[in-house]
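Data block below; observations after.
What follows draws every value from the coordinates through simple rules; no lab data is involved. As the structure is a prediction and not an experimental result, all values here were calculated from the model. Virtual Cβ from ideal backbone geometry, glycine too; neighbours counted across all protein chains shown.
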Amino acid sequence: MALPKLNDAPKYEVTIPSMNKKTRFRPYLVGEEKVLLIAAESDDINQITRATLDLVQACIEDPIDVNKLSSFDAEYLFLKIRSKSVGETSDLFFLCEECEHETSVTLNLNDVTVEFPDDTSNIIEISPGISLEMKYLSYNDSLSQPEIAEAKDDISRLYAIIMNSIEAVLTQDERLQVNEEPKEELEAFVNSMTSRQFEKLREFVLNTPSMKLGVEFECEGCKHKNQTTLRGLSDFFE
């Protein structure tokens, strides 16, 4: 006798932030959660990235290539899937800014939004007749590219992110796709910029859209009212 089929999974609707496109998803199942937990215990960033993206791919309804999703898209989808799979709240501990007493706060994950910068143009003019077409890094690239994941300091990591965020060089006559050019040439091109030109690229990267949730809580110790902001997936789970 065949075992009965469990759980006709409900479907929920979510909007992919960068695309402003609606898709539907189902909660993840025990077998899928097991793969994710095993990956998390491995501390292998590539394994964790792969497990997260595979889970998102399995749970969303539309045939979207999750490997091309921006970091904030992938994290937002994962957060929404997790909230319907495990629970729509997350309990975190925050330190009081006055007395450093630790206070438990219950967050409603449905209140999480993705914050976009005021200037959303991905075209940056660096000199008359020369502009750069920028891109938001995919979740896969931002966590698994060796030069980013293995950077020894914040400056090296930021430089690697900027390099990987350049999609093309635009001139009056042509569009040069940087992944078709030698890496050494791109490095030489970036290194030849002035500080003011490079700062434009830095601002684009630092203003990448991110998940955001404002948190207000009263310290259980001294009753001081605190305010903080959570950004990015890692901030929402201990």
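Points to keep in mind about this one:
- Only one entry of Glu147, Glu75, Glu115 meets the criterion of being farther than 18 Å from Met19 by Cα and not hydrophobic (A, V, I, L, M, F, W, C), and that entry is Glu147.
Listed here are the residues, each with its yes/no results for (1) in contact (Cβ under 8 Å) with a residue 40 or more places away in the chain; (2) over 17 Å from the mean Cα position of the chain (by Cα); (3) surrounded by fewer than 15 Cβ atoms within 10 Å (Cβ to Cβ).
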position	(1), (2), (3)
Asp54	no, no, no
Cys59	no, yes, no
Pro63	no, yes, yes
Glu75	yes, no, no
Ile81	yes, no, no
Ser85	yes, yes, no
Glu100	no, yes, yes
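- Residue that is farthest from the chain's Cα centre (by Cα), among those in the range 116-129 that are surrounded by fewer than 14 Cβ atoms within 10 Å (Cβ to Cβ) and part of a strand (DSSP E or B): Ser127
- Here the range 162-181 is the region considered, the condition is being more than 22 Å from the chain's Cα centre (by Cα) and among the acidic types (Asp, Glu), and the residue that is surrounded by the most Cβ atoms within 10 Å (Cβ to Cβ) is Glu181.
- Annotation note: of Gln227, Gln197, Gln172, Gln177, the sole residue that is touching a residue at least 40 places away in the same chain (Cβ under 8 Å), farther than 21 Å from Thr120 by Cβ and of a type outside the set (D, E, K, R) is Gln172.
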